[in-house]
Amino acid sequence: MPGQPVAEVAAALRATLGAAKVVHLQGLAAARPAADWPAFYDALTEATGQCLHLDENYALGSVRTGEKWIEVRYDAAIPDDAAYRFSKNAQPLHTDESYLSEPADVMFMHCLVQAPAGGETTFVDADVLWQQLQLHVPTLAAQLLGRPVCFAKAGDSRTLPIIAQTPAGLRLNWNYHCVDPAETTENHALAQQFREFLLTHINDTAAEVAIQLAPGEAVAWWDDQVLHGRRAFRAVATNDRFLLKSGFRLAADV
């Protein structure tokens, strides 16, 4: 689709998202200079859905800035264990919008600078996750299904099951590090068990699909239909890996 008008690419992306949970966009920016990629993808996302302004200020406790794009980049000045967003460490599987009261439907990320090695974004389909959960820890599966859990961060919160069965299929809401500290002892224990299940039975297995974004490429995914994470990567200097991420809502008929 290189060279197509943005409106046509947006229509194609909406159509593809109607059938796929994760969409890897390749070749769209190949004919454009790198300096033009952010403007192109900004226009594409605006033409695809209702874009949200999701950026958070890490230095001020993750308060919202009102900006659309979140910088996901290596920062050598920030300790690796302080913030996954700026780290070269592997990032655990999660959903981005777990704690947001007004969430996006689809997350969108495009690559400006690819890490020298590693840094793949990994995805786990909700149906595959549920199959593995029932296979390996059926008791935990039964306990999690439909059980509300509150996730909170920076003054915002949302209460949803980690795994829910809906008329449209399985839906996920998960971030171990955002489980509300005020949650019940039982729910904290279930969250810990689910985290251990992911580490033991999902991470680095065939259940994960890895996508390595090359510079100029992008990926879009339904946030509540897959878990996603990141593999560790090699980096030395600040911005050795640099991506921009945002999210948008889509009409109900997509």
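Phi angles of region 29-34 translate, via the Karplus equation with coefficients 6.51, -1.76, 1.60 and θ = phi - 60°, into HN-Hα couplings of 9, 4, 8, 10, x, 4 Hz per residue; Gly and Pro are given as x.
Across region 186-194, rounded Karplus estimates of 3J(HN,Hα) from the backbone phi angles (6.51 cos²θ - 1.76 cosθ + 1.60, θ = phi - 60°) give 5, 5, 5, 5, 5, 4, 5, 5, 5 Hz, Gly and Pro being marked x. The order of the peptides 187-193, 126-132 by mean Cβ neighbours within 10 Å, most packed first, is 126-132, 187-193. Rounded to the nearest whole Hz, the Karplus-based 3J(HN,Hα) values (6.51 cos²θ - 1.76 cosθ + 1.60, θ = phi - 60°) of region 13-18 follow the sequence 5, 4, 5, 5, 5, x, with x at glycine and proline.
For residue 178, neighbours were defined as the other residues whose beta-carbon sits under 11 Å from its Cβ, and their charges (Lys and Arg +1, Asp and Glu -1) total -3. Where only DSSP H runs of four or more residues are counted, the chain gives -6500 deg cm²/dmol as its mean residue ellipticity at 222 nm, each run worth -39500 (n - 2.57). Neighbours of residue 210 by Cβ distance under 14 Å: Lys/Arg scored +1, Asp/Glu scored -1, total -3.
Taking the Cβ of residue 219 as the center, what net charge do the other residues with Cβ under 13 Å away carry, scoring Lys and Arg +1 and Asp and Glu -1? Overall, the nearby charge balance is -1. Per residue, the average separation of C-alpha pairs within less than 8 Å and at least 6 apart gives region 1-50 a relative contact order of 58 percent.
FYI, it's all coordinate maths here, none of it is from the lab. These numbers come from a predicted model, not from an experiment. Virtual Cβ from ideal backbone geometry, glycine too; neighbours counted across all protein chains shown.
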